[in-house]
1. Filtering segment 172-222 down to residues that are of a type in the set (D, E, K, R) and farther than 16 Å from Val105 by Cβ, which residue is modelled with the highest pLDDT?
2. What residue, among those in segment 25-42 that are surrounded by fewer than 19 Cβ atoms within 10 Å (Cβ to Cβ) and not β-branched (Val, Ile, Thr), is farthest from Pro182 (Cα to Cα)?
3. Say we look at segment 113-171 and pick out the residues that are surrounded by 17 or more Cβ atoms within 10 Å (Cβ to Cβ) and of a type in the set (Val, Ile, Thr); which of these is farthest from Leu82 (Cα to Cα)?
4. Only residues in segment 88-114 that are under 22 Å from Trp34 (Cβ atoms) count as the first member; pair them with residues that are of a type in the set (Phe, Trp, Tyr) and exposed (fewer than 15 other Cβ atoms within 10 Å of the Cβ), Cβ under 6 angstrom, at least 6 apart or cross-chain, and list the lot.
5. Report, by residue number, each residue of segment 115-135 that is touching a residue at least 60 places away in the same chain (Cβ under 8 Å) and either of a type in the set (S, T, N, Q) or farther than 30 Å from Val166 by Cα (or both).
6. Please name all residue pairs, on different chains or six or more residues apart, with Cβ atoms under 9 Å, provided the first residue is in segment 38-63 and is among the β-branched types (Val, Ile, Thr) and the second residue is in a loop (DSSP other than H, G, I, E, B) and surrounded by fewer than 17 Cβ atoms within 10 Å (Cβ to Cβ).
7. Would you say Glu149 is over 22 Å from Tyr184 (Cα atoms), without any contact (Cβ under 8 Å) to a residue 24 or more places away in the chain and out of contact with any helix residue (DSSP H, G or I) (no Cβ under 7 Å at 6 or more places or on another chain)?
8. If you go through segment 25-36 one residue at a time, do you hit one that is modelled with pLDDT of 90 or more, outside any strand (DSSP E or B) and of a type in the set (D, E, K, R)?
Amino acid sequence: MIGRKACLGILAMALASPAVAQDRRVEIGGNVGWTFSDGVTFDGVIAPGDGAIYDGIGPKDSMSWGLDIGYFVTPSVQIGGLFTQQMSKMEVTGTRTVEVGDWSVNNYHGFVSYHTGDFDSRVRAYFLIGLGATQYGSVPFTALGQTFETGGETQFSGTFGVGVKVYSQGAFGMRLGARWTPTYIKSDEEGWWCDPYWGCYVVGDAQYSNQFELSGGIILRF
């Protein structure tokens, strides 16, 4: 016969196993969406080919996708990393708009997010903040009968997001979210500022390229 201590041990494990199964702290997610983008401006230049004046450059609004992984360090706070790619085209704007060529914009961010509700709630809202870099890929294009390629560039960026997660009884869930990613590009000289203590110095007007992403996707918890 099974002893009393053995029975108590089996009962304790049986009662504890559902709790262990529910304690899924790691999440892997994938999403697709649409990103609204803007670029930066510069002093107008006259193109020799068409005579138009161009004074802006940036990515075109387009489809995007992403992957992320996170770990709940507390029932409400998650830390992790994310990657997103906007499959866009480079546009130059001015008196007319011209598509230069295919342009991929990649984001790499570490993040911290806060989730509302209990850890085992079926529906949870979240707020996200992250820091990292945005990589602008090179763009091949043809002009005046010759083929050229722009250089790529990587810049520091932050990201801020909100959304909602809906979990099933098992390991799967769904997510809807919105995210804003401003990327510092350059500063234009705005003029001089003089102070009786600090003296005179040049002040600049910072320009950022912004991405506004709306997306939906799936979550795997384990």
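The values are calculated or read from the model by the stated rules, or taken from the named source; none is laboratory data. All figures in this text were calculated on a predicted structure; none of them were measured in a lab. Cβ sites come from the backbone with ideal geometry, for glycine too, and all protein chains shown count toward neighbours.
1. First, pick out the residues of segment 172-222 that are of a type in the set (D, E, K, R): 175, 179, 186, 188-190, 195, 205, 213, 221.
Add one more test, that the residue is farther than 16 Å from Val105 by Cβ, and what stays is 175, 186, 188-190, 195, 205, 221.
On the way: Arg175: 97, Lys186: 79, Asp188: 66, Glu189: 57, Glu190: 59, Asp195: 51, Asp205: 65, Arg221: 93.
Checking each candidate, the answer is Arg175.
2. Taking segment 25-42 first, the residues surrounded by fewer than 19 Cβ atoms within 10 Å (Cβ to Cβ) are 25-26, 28, 30, 32, 34, 36, 38, 40-42.
Subsequent filtering for residues that are not β-branched (Val, Ile, Thr) retains 25, 30, 34, 36, 38, 42.
On the way: Arg25: 30, Gly30: 22, Trp34: 16, Phe36: 12, Asp38: 10, Phe42: 18 Å.
Here the answer is Arg25.
3. The extreme case among them is Val139.
4. Close Cβ pairs (under 6 Å, with a partner that is of a type in the set (Phe, Trp, Tyr) and exposed (fewer than 15 other Cβ atoms within 10 Å of the Cβ)) amount to Tyr108/Phe83.
5. Thr134
6. Ile46/Ala52; Ile53/Ala47; Ile53/Thr95; Ile53/Arg96
7. Details: over 22 Å from Tyr184 (Cα atoms): yes; without any contact (Cβ under 8 Å) to a residue 24 or more places away in the chain: yes; out of contact with any helix residue (DSSP H, G or I) (no Cβ under 7 Å at 6 or more places or on another chain): yes.
The answer is yes for Glu149.
8. Taking segment 25-36 first, the residues modelled with pLDDT of 90 or more are 25-36.
Going one step further and asking which of them are outside any strand (DSSP E or B), we end up with 25.
Now narrow it down to the ones that are of a type in the set (D, E, K, R): 25.
Yes, there is a match, as at least one residue in segment 25-36 is modelled with pLDDT of 90 or more, outside any strand (DSSP E or B) and of a type in the set (D, E, K, R).
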